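Quick notes on the structure that follows.
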Amino acid sequence: MCGIMGYAGNRSVPRVLLSGLKRLEYRGYDSAGVAYFVDGRLEIQKAEGKLCNVEKLLHDKGFDHVQNENGGIGHTRWATHGRPTTQNAHPHKTGPIALVHNGIIENYQDIKCELLEKGHRPLSETDSELFGYLVLEEQKKGHSFVEAVRQSFLKVEGSCSVVLISEEEPGMIVGIRNGSPLVVALDPQGGVFFASDAQAIIEYTNEVAFVEMGDLVVGHQVDGRYQLDFYDSLTGTKLDRTTTKLNWSVESLDKQGYPHYMLKEIFEQPQSWIDTLNLLLDRAKQDPFPLAAQPSVELLRRAKQLQIIACGTSWHAALLGKYWIERWAKITVQVELASEFRYRDPVLSPDTLVIGISQSGETADTLGAIREMRSRGIPTLGICNVRGSSMAREADAALFTAAGPEVGVAATKTFTSQLLSLLVLAGALGCERKTLSLESGRELFDEVLRLPHFMDGYLHRSSQWLAQIDHVSKQVYRRKGFFFMGRGYSFPIALEGALKLKEIAYINAEGYAAGELKHGPIAMIDDEMVVVVLAPRDRWREKTISNLQEVKSRGACIIGIGNSDDQAFEEMSDFWIPLNVPKQIRPELFEALYPFLLVPAVQLLSYQVAVLRGTDVDQPRNLAKSVTVE
Ligand code: M6R
């Protein structure tokens, strides 16, 4: 996920930018760069790969200690539009302006056509660079730099944040946001900070302002004092914004200010997806889903059938993986609970690859089944989050997710990282086997790359979405039981939602394929039961809505989770959790990505209910993070 850092003030600008960007390295990136003033002109240093490459460029030019008050901006980029090259890295310079951008400009193709017609020639393949030309065009109309930024932002669709400086306005930094997070602060030594995460500036100050959606913020000096001015980006009206004092103790620094690891880990999902994609893919290649060469990929390519085994949440990931792999790669996939598989006598056809999925890589049943298969000479693959785990060492090959350490016992970011890996494998195998057209593969891959940015825009502490889920939780947390129901891709998510609620809130909850409820469980429905209906706008929506009617007419309290513009569904629901959905190229392809929007919703619902019931969210009773016994 892109990281943004900006600073103007009394400290050495390149040093502040680099130290802030280092603290944002956890976000995952593939190129980086900084822009800063030298003798009144903006110098740009950027490079592919890690931040140390930029550090070296600065050092070689003797600019790493530049000291002036004119300011600078820096960026770590994770490529979406255009490959991870130096040219595509940020900051982008357009005339006197330099900018960094986090998020997606969805209408960038229309904007690009207009700009080309006006004679502009962008140097990179990015959507971001175009914003600089928009600002130039607005300045030509006579607008000030700040007003030109505001006017340009009105032309942009999508969810993002942009931070800019200009050679014509030394000492000023302008930030604007309608998506990806942005934090600003005053430097106690004189100066202003801009960053995509408070972590980047916490070493200088703990008093920060979280830039709200739709805000424009200007950091500059007025009468010799630095100040931050906020404006409504729609109207240009000045706003009053308050600061937040972050009270991050050493312990809470680990939790980065979150009350529980689980919440932090839910919010870390977009980052873990990026890290997982970086690990799985070779982004230098042009093909859609370009898998990086590794032994596990070769095993997969050779397999004629897949047998996936797993437990708990990892089993839910496997169930969903089956949908994607069978749909796109046309490979038969069997999924089974490891504890059942290992104690029966499975008959496997030749050329079957047995895949164990386990975040810990230590789960006794999954590991036992892998060992058993190996002893029978059947090829095995482990999909794990922990390098050096038993499964990673003992299977014939391992494929890693990169969710980072997960402290909360409830699996959250490891689950969606497993899902993402399976989706990528399905897409890649589909393209290679030509069972998924190259065009569809490319469109799907582009959507996958946009997903972490999109989710980062509304999966954060100050999001309205979180407040909505909190409101729903307060209405239902005392109810006697829950059903979660969904069809198609939403069915495994229904199972996962119920498991989360059981394990952390200790509430009786069951997940069902929506069509199954009437085959028995519907007898349990009364007005004390809550039914969480997962029905995004996919090919199964209509059928799920019919099943909703069946339980609603029997008195169930309905929590609907669906597309934010699905008014009919919202009206049928007693409580509503909307899913904001990015503008899509082809809805029939995007439907495969709904699980990545639904999962955080059910995770947050379970989390809030558990908090209200006062349970130990991070270490629920009777559970362990690694289940190393049968
Ligand atoms: O480490 P694993 O993924 O193999 O763990 C499997 C299950 O024990 C695990 O998913 C468990 O269900 C979690 N507590 C779910 O949150």
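Read-outs: derived from the displayed coordinates by stated rules, not from any lab. Here the structure is a predicted model, which is why all the values come from computation and not from measurement. Heads up, the Cβs are rebuilt from the backbone with ideal geometry, glycines too, and the neighbour counts pull from every protein chain shown.
Summary of values
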| item | result |
| --- | --- |
| Lys/Arg +1, Asp/Glu -1 at C-beta; the chain dipole; positive extreme among MET485, GLN468, CYS431 | CYS431 |
| Calculated from backbone phi, Karplus (6.51, -1.76, 1.60) coupling profile of the stretch 102-107 in Hz, x at Gly/Pro | 10, x, 10, 9, 6, 9 |
| Simple spin-label estimate for LYS141 and ASP229 in nanometres, 7 Å along Cα-Cβ | 2.0 |
| Residue order, fewest to most surrounding Cβ atoms within 10 angstrom, among HIS220, HIS316 | HIS220, HIS316 |
| Helix runs (DSSP H) in the chain reaching 15 Å along axis by Cα, Kyte-Doolittle at least -0.5 | 13-23, 51-61, 128-140, 269-280, 312-324, 364-375, 413-433, 438-458, 464-476, 490-505, 594-613 |
| Full-extension gain in nm, ASP574 to GLN475, via 0.36 nm per residue minus C-alpha separation | 34.6 nm |
| Most to least packed among 5-12, 151-158 [average Cβ atoms within 10 Å] | 5-12, 151-158 |
| Amide proton proximity set for GLY179, modelled H, under 5 Å, gap of 5+ | CYS160, GLY214 |
| Length added when fully stretched, LEU612-THR244, from 0.36 nm per residue minus Cα-Cα | 130.0 nm |
| Charge dipole magnitude, Cβ of K and R +1, D and E -1 - the stretch 462-615, Cα centre, debye nearest 20 | 200 |
| Largest-first principal axis extents of the Cα set of the stretch 3-246 (Å) | 46, 42, 33 |
| Cα centroid separation - the stretch 479-537 against the stretch 303-323, whole Å | 21 |
| In order through the stretch 329-341: 3J(HN,Hα) via Karplus (6.51 cos²θ - 1.76 cosθ + 1.60), integer Hz, x for Gly, Pro | 9, 6, 10, 5, 10, 9, 10, 8, 5, 4, 5, 8, 4 |
| Listed pairs LYS255/LYS502; LYS413/LYS583; LYS474/LYS552; LYS155/LYS264; LYS22/LYS238 exceeding 28 Å between Cα atoms | LYS155/LYS264; LYS22/LYS238 |
| Spherically averaged projected area of the stretch 255-459 from its Cα convex hull (nm²) | 11.1 |
| Charge dipole (the chain, unit charges on Cβ, about Cα centre) - positive-most of LEU353, TYR323, SER180 | LEU353 |
| Under 5 Å, built H, 5+ apart or other chain: amide partners of LEU291 | ASP282 |
| Packing-based exposure ordering (other Cβ within 10 Å, fewest first) of ASP240, ASP197, ASP60, ASP616 | ASP240, ASP60, ASP616, ASP197 |
| Peptides ranked, highest mean first, by Cβ atoms within 10 Å: ranges 426-433, 231-238, 269-276 | 269-276, 426-433, 231-238 |
| C-alpha center-to-center spacing [the stretch 586-615, the stretch 100-115] in angstrom | 29 |
| Relative contact order (%) - criterion: Cα under 8 Å, at least six apart; region: the stretch 255-459 | 29 |
| Inverse mean reciprocal Cα-Cα distance (Kirkwood Rh) of the stretch 498-544, Å | 12.2 |
| Whole-number percent relative contact order across the chain, with pairs defined as alpha carbons under 8 Å at least 6 apart | 11 |
| Residues SER389, SER161 arranged by fewest to most Cβ contacts within 10 Å | SER389, SER161 |
| For the stretch 159-174, 3J(HN,Hα) per residue [Karplus equation, 6.51 cos²θ - 1.76 cosθ + 1.60, θ = phi - 60°, Hz, x = Gly/Pro] | 10, 6, 9, 10, 10, 9, 9, 9, 4, 7, 9, x, x, 10, 10, 10 |
| Normalised per residue, the volume of the convex hull around the Cα set of the stretch 482-568 (Å³) | 87 |
| Counted charge near SER462, where neighbours are those whose Cβ lies closer than 14 Å (Asp, Glu -1; Lys, Arg +1) | -2 |
| Anisotropy class of the stretch 191-279 from Cα gyration tensor, a/c 1.5 cut | prolate |
| Nonlocal amide H pairs with GLY356, under 5 Å, H built at 1.01 Å | ILE309, LEU381, GLY382, ILE383 |
| All Cα pairs of the stretch 301-368, percent lying beyond 21 Å | 21 |
| For the stretch 272-297 versus the stretch 18-83, the gap between their alpha-carbon centres in whole angstrom | 25 |
| Computed P(r) (all Cα pairs; the chain; 10 Å bins; percent) | 3, 16, 25, 25, 18, 9, 3, 0, 0 |
| Inter-label distance, nm, simple model (7 Å from Cα along the C-beta direction), THR237/SER553 | 4.8 |
